[in-house]
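This report concerns only the one structure given below.
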Amino acid sequence: MCGRVNIEGPALAEALAAAWPEAGDWPLENLYGHALINVAPQAWVPVLRQDGTLVRLRWWFPTPPSAGAGLTTFNARCERALASPLYGPWLQTHRCVLPVTSFMEWWRLPDGRRLPYLLRPEAPEPLYLAGVGRPALSASAPEAGGGEAGGFALLTCPARPELQWLHHREPRLLTLAGARAWLGGLAPEVLARGLAAPQAAVPLEAVPLGAAVGDARRQDSALLDPIGPPWAFGDPAPEPPAAPQGGLF
């Protein structure tokens with residue numbers, strides 16, 4: 001799954017400007033003026049939409065009352081999304097891409113401990129996460145967070161074998177060409193094949209982080225300081241650290 005992302009503003013804006021010719025029409029300076037660290041669901045983040053715009057949207061998919069009381073969603077399984085009555089109707093017209101610099105995942109150990117890891121590309125370039133959005137449920141829904149009403153969910157897929165030690169799922173990653181295709185016009189059969197295709201070949205590096213990153217209220221860059229050596233994509237799974245031993249008293 002994907003429950004935390006990092007958007008290291010000015011550096012990401014520079015990378016997007018270099019990679020996307022249309023970026024001259026985007027409000028990069030306004031949306032990426034500062035870093036967004038340890039971003040959790042319900043936050044408002046800059047998102048690329050199918051209409052070619054870059055806007056701030058809420059990372060939280062609006063769910064109608066008919067979907068069931070209390071249903072909340074910020075991730076969607078790509079292998080089920082097209083057939084889902086919640087996401088399927090919007091995949092033709094409201095696909096989106098969330099550019100980030102990294103994301104976090106927690107390694108659940110047999111003894112119950114959950115160890116946070118930062119996942120980032122091996123090369124210093126943006127990560128493009130595939131998503132699906134929808135408009136606000138009501139035309140009178142207020143805008144918030146300086147963005148547009150409505151929201152989006154990130155697509156997830158089964159984790160690649162190299163990452164199974166960390167989690168059984170990962171966000172649907174797109175190459176630059178894949179991000180362009182995702183935002184373009186896709187025939188229904190092409191969209192179905194794309195959702196069923198294997199994960200993009202985007203190697204990631206995993207860096208162990210301190211426990212403080214588990215507090216979504218914390219958003220300082222020091223949270224991303226590594227507490228151990230990085231794991232390189234394709235290496236054997238790291239050895240779990242020994243559990244802390246309590247004293248006698």
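The values are calculated or read from the model by the stated rules, or taken from the named source; none is laboratory data. All of these numbers come straight from a predicted model, not from anything done at the bench. Every residue, glycine as well, gets a Cβ built from its backbone with ideal geometry; the counts of neighbours run over all protein chains shown.
Filtering the stretch 148-195 down to residues that are within 21 Å of W60 (Cα to Cα) and over 18 Å from the mean Cα position of the chain (by Cα), which residue is modelled with the highest pLDDT?
Checked the stretch 148-195; the qualifying residue modelled with the highest pLDDT is A149.
Quick one: is A141 outside any helix (DSSP H, G or I), farther than 27 Å from A18 by Cα and modelled with pLDDT under 95?
Yes: the conditions hold for A141.
Among the residues of the stretch 118-134 satisfying the criterion of being within 29 Å of A196 (Cβ to Cβ), assigned to a loop (DSSP other than H, G, I, E, B) and in contact with a helix residue (DSSP H, G or I) (Cβ under 9 Å, 6 or more places away or on another chain), which is modelled with the highest pLDDT?
Within the stretch 118-134, the match that is modelled with the highest pLDDT is P126.
Yes or no: A200 surrounded by 13 or more Cβ atoms within 10 Å (Cβ to Cβ), touching a Ser or Thr at 6+ places or on another chain (Cβ under 8 Å) and in a strand (DSSP E or B)?
For A200, the condition - surrounded by 13 or more Cβ atoms within 10 Å (Cβ to Cβ), touching a Ser or Thr at 6+ places or on another chain (Cβ under 8 Å) and in a strand (DSSP E or B) - is not met.
Scan the stretch 172-181 and give yes if some residue there is touching a residue at least 60 places away in the same chain (Cβ under 8 Å), in contact with a strand residue (DSSP E or B) (Cβ under 6 Å, 6 or more places away or on another chain) and either of a type in the set (V, I, T) or assigned to a loop (DSSP other than H, G, I, E, B) (or both), otherwise no. Even if it seems obvious, please write down each step before you answer.
Filtering the stretch 172-181 down to residues touching a residue at least 60 places away in the same chain (Cβ under 8 Å) leaves 172, 174, 176, 179.
Now narrow it down to the ones that are in contact with a strand residue (DSSP E or B) (Cβ under 6 Å, 6 or more places away or on another chain): 172, 174, 179.
Retained after the next criterion (residues that are either of a type in the set (V, I, T) or assigned to a loop (DSSP other than H, G, I, E, B) (or both)): 172.
Yes, the stretch 172-181 contains at least one residue that is touching a residue at least 60 places away in the same chain (Cβ under 8 Å), in contact with a strand residue (DSSP E or B) (Cβ under 6 Å, 6 or more places away or on another chain) and either of a type in the set (V, I, T) or assigned to a loop (DSSP other than H, G, I, E, B) (or both).
Is it the case, given these coordinates, that L195 is assigned to a loop (DSSP other than H, G, I, E, B), over 11 Å from V97 (Cβ atoms) and of a type in the set (A, V, I, L, M)? Can you show your working first?
On the way: assigned to a loop (DSSP other than H, G, I, E, B): no; over 11 Å from V97 (Cβ atoms): yes; of a type in the set (A, V, I, L, M): yes.
Considered against the rule, which asks whether it is assigned to a loop (DSSP other than H, G, I, E, B), over 11 Å from V97 (Cβ atoms) and of a type in the set (A, V, I, L, M), L195 comes out as no.
If you go through the stretch 118-128 one residue at a time, do you hit one that is buried (at least 16 other Cβ atoms within 10 Å of the Cβ) and farther than 29 Å from P229 by Cα?
The answer is no; no qualifying residue exists.
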